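Structure first, commentary second.
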There are 2 protein chains.
Amino acid sequence: MNFDLSNLRQKFKDRDYKLTPQRQIILQVFIDNRDKHLSAEDVHNIVRQQANDIGLATVYRTLELLSELEILQKIDFGDGRSRYEINETSSPHHHHHLICLTCGRVIEFADDLMEDLENIIAENSNFSIVDHQVKFYGYCQECQMKRDE
Amino acid sequence: MNFDLSNLRQKFKDRDYKLTPQRQIILQVFIDNRDKHLSAEDVHNIVRQQANDIGLATVYRTLELLSELEILQKIDFGDGRSRYEINETSSPHHHHHLICLTCGRVIEFADDLMEDLENIIAENSNFSIVDHQVKFYGYCQECQMKRDE
DNA sequence: CTGTATGCAAAGCATTTGCAGAAAC
DNA sequence: GTTTCTGCAAATGCTTTGCATACAG
C-alpha cells in the first residue's frame, strides 16, 4: 500500500471524511513507526509532543476511522488494550506475531503456509475465510539464553 | 484430561486450594457445557439459578484459579470480554476457532498442520513456542447462504 | 455556510481489589 | 482455630459518548 499524503488524502475524500490536522498528525505517527504496535495511549503521548491539546477521545476516534479505512490494522495481544499497526499490504492479511511469555516482546514473522491452511479449512468446514490472526506464545532467543544462565 | 470430582479434588488439594461449594458449582457449569465458550457473566447467570448469592467477583476469581490449574482455557474473541472453555486436552494446545463476521458464531476445528508450522517457525526464528492461538474470520455456511438470497 | 470533527468531562463496561464476615480443613 | 474464601461495594483501566464549540470543505 502506498502511504504518501496525496494518496491518503484521496482515500479520505472518497468517503467524505475530513483530513484534519489532528488526523494528519496521528497518521504521521504510524508512518514514522511502521514496526511498532502502538496503543491509543502510546499514540496520544507521541502526538502530544507536537500538539499538546489533542484529546484522547480524538485519538480513539481517529484510530477507529483509520482501521475502517484499512490504513491501520487493529490487533489484540491480550494485554487489555488494543494496539494498532500500519497495514503494509493491501489485503488485511499476514498479521502474525510471536509473543514472548517472559519479556512480552512481540516479534513479527512472514508466512506463506497459512494460505495453504486456510484453503484446507475452507474446504473441510464450508467456512469462507476472509482474514486470520495467529499468535504464537513462547520464549524469545534472548529470554531462552537468560533462562539457561 | 479426567474431569471426575475426585480427580479435581486432588488437583485442588495438591496446591492447597479449597474446594468450596461455589467452586464446585462453577466447575459443574463447565462440565455441563463442554462445547460452549462462556464469559464470566454467562457463568454468573447460569450459577445463580442454583445459588443466587454467588458474587460476580467470586466467579472471576474462580475462573482465574481454574485457568491457573489448567482446568479451563481462557480465550479471547475480541468482543471485549474473556471467555473460558474446559481444557479437554492435557496440553494447552489446539484452540482454533472460525469466527463468523456476520452472526458471531464460533466454530471449532481440529488441526494437525499447525504443529508443522510451529516447527518451521521455531527453526527460522529461534523462538521457542509453547502455545498458539489461531483465529480465522469469515462467513459461516448459513450466513453465506443468507447472503446469496 | 453547514455539517463534520474536536476537546472536555462524564458515562460505560469488564475486571480487580479492599475489607469484614463466613467457612473449609 | 487459622488461613483461605466469599460477597459486597468501591475502585480501576480502557474505551465510548454527549455536548457545546471550532473548523474543513
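Computed from the coordinates by the stated procedures, all read-outs in this text should not be read as laboratory data. Nothing here was measured: the structure is a model prediction, and the numbers come from that model. Don't worry about glycine lacking a Cβ; one is built from the backbone with ideal geometry, like all the others, and counts go over all protein chains shown.
What sits nearest the axis between copies A and B, counting only chain A Cβ atoms, is the residue and whole-Å distance A:Val134, 3.
Treating r as the C-beta distance of A:Leu113 and A:Asn33 and R0 as 41 Å, the FRET efficiency rounds to 0.90.
For the stretch B:1-89, dividing the convex hull volume of the Cα atoms by the residue count gives 93 Å³ per residue. Under the membrane-span-like helix rule (DSSP H runs whose alpha carbons stretch at least 20 Å along the helix axis, mean Kyte-Doolittle hydropathy 1.6 or higher), chain B yields none.
Computed from label points 7 Å out along Cα-Cβ, the spacing between B:Leu19 and A:Arg61 is 5.6 nm.
Going by neighbour counts of Cβ atoms within 10 Å, the residues B:Tyr17, B:Tyr139 line up, fewest first, as B:Tyr17, B:Tyr139.
Annotation: Cα Rg of the protein assembly as shown relative to the compact-globule expectation 2.2 N^0.38 Å equals 1.15.
With N as its number of residues, chain B has a Cα radius of gyration that, divided by 2.2 N^0.38 Å, comes to 1.21.
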